[in-house]
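Read through the structure below, which is laid out as structure tokens, and then see the notes.
The values are calculated or read from the model by the stated rules, or taken from the named source; none is laboratory data. What you see is a predicted model, and the numbers here were worked out from it, not measured in a lab. For neighbour counting, all protein chains shown are included, and Cβ atoms are generated from backbone atoms with ideal geometry for every residue, glycine included. With ligands, DNA and RNA removed, areas are computed over all heavy atoms of the protein, side chains included. Shrake-Rupley method; radii C 1.70, N 1.55, O 1.52, S 1.80 Å.
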Amino acid sequence: MRIDVVTIFPGYFDALELSLMGKARDRGLIDLNVHDLRDSALDKHRTVDDTPTGGGAGMVMTPEPWGHALDGILAGEDAADPLIIFPSPAGDVFTQAMARELAHESHLVFGCGRYEGIDQRVFDEYAERGRVRLVSIGDYVLNGGEVASIAMIEAIGRLLPGVVGNPDSLVEESHESGLLEYPSYTKPAEWRERRVPDILLSGNHAAIDKWRHEQSVERTRRVRPDLLDD
Ligand code: ADE
């Protein structure tokens, strides 16, 4: 999968050089390209924002640098029917189901807004020319789209074939089955007088599967009853 990111803070994305994402990039499974929006600014001060037209607090990102940066990416020879995602608290809520859907895309472009947001004409322009989605990672406000993009890239990237070594571990996770994950234990069998549940030491795999499922349902009912309604 090709992923382009446009941001004024490219350093945030250094985190994606670590761990499984870093390995996936080294192995060519994810082709991540981070672009500094300021490289597309029009002036020598590399300005990317201005005061809101009509008044109000804060600053708004101006359309010209965005137009220049996105046009460059869309015109690139590797561009393949890209979907442009603008992280925004005003977008559709990102879920595991959306991650699965987006894992089928061949080219994602993340446009990270800052300040009070991006001039609306940028969304309108690219929605007319192609596919654009506003996506929120939850009902809280971040300082910009960078952290939200990293969360989405990791959730999507780990679903790509070959990124996670043992694909079984993807199936058994929270949210994959619509339930939260059951509790996990390892050795030693007793720690600070806390024993691993006997059933897990029984060797009876059918009984273990049943117990784990019951734990998942109980945990989901207690912590996230809304998931059971769905
Ligand atoms: N930018 C600011 N807050 C955000 C959120 N909750 N999700 C996505 N992008 C954001």
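Quick notes on this structure:
- Subset of segment 1-30 that is of a type in the set (F, W, Y) and open to solvent by 70 Å² or more (accessible area, probe 1.4 Å) - its residue that is nearest to E154 (Cα to Cα): Y12
- Inter-residue pairs, beta-carbon under 9 Å, first touching a residue at least 24 places away in the same chain (Cβ under 8 Å) and among the small types (G, A, S) and in segment 165-183, second part of a loop (DSSP other than H, G, I, E, B) and open to solvent by 80 Å² or more (accessible area, probe 1.4 Å), 6+ apart: G178/D230
- Residue in segment 32-60 that is farthest from the chain's Cα centre (by Cα), counting only those that are over 22 Å from G76 (Cβ atoms) and of a type in the set (A, V, I, L, M, F, W, C): A57
- A79 touching a strand residue (DSSP E or B) at 6+ places or on another chain (Cβ under 7 Å), buried (at least 16 other Cβ atoms within 10 Å of the Cβ) and at pLDDT below 95: yes
- So I199, is it open to solvent by less than 90 Å² (accessible area, probe 1.4 Å) and within 16 Å of the ligand (Cβ to nearest atom): no
- Hits in segment 31-47 (condition: charged (D, E, K, R) and either more than 27 Å from A80 (Cβ to Cβ) or open to solvent by 60 Å² or more (accessible area, probe 1.4 Å) (or both)): D31, R38, D39, D43, K44, R46
- The residues in segment 48-70 that are out of contact with any Pro (no Cβ under 8 Å at 6 or more places or on another chain) and farther than 18 Å from S149 by Cβ can be counted, and the count is 14.
- Cβ pairs under 6 Å, 6+ apart, first in segment 88-104 and under 24 Å from G144 (Cβ atoms), second assigned to a helix (DSSP H, G or I) and within 12 Å of the ligand (Cβ to nearest atom): F94/M152
- When segment 62-80 is filtered for residues that are closer than 15 Å to S40 by Cα and within 22 Å of the chain's Cα centre (by Cα), the ones remaining, listed by number, are W66, A69, L70, I73, L74.
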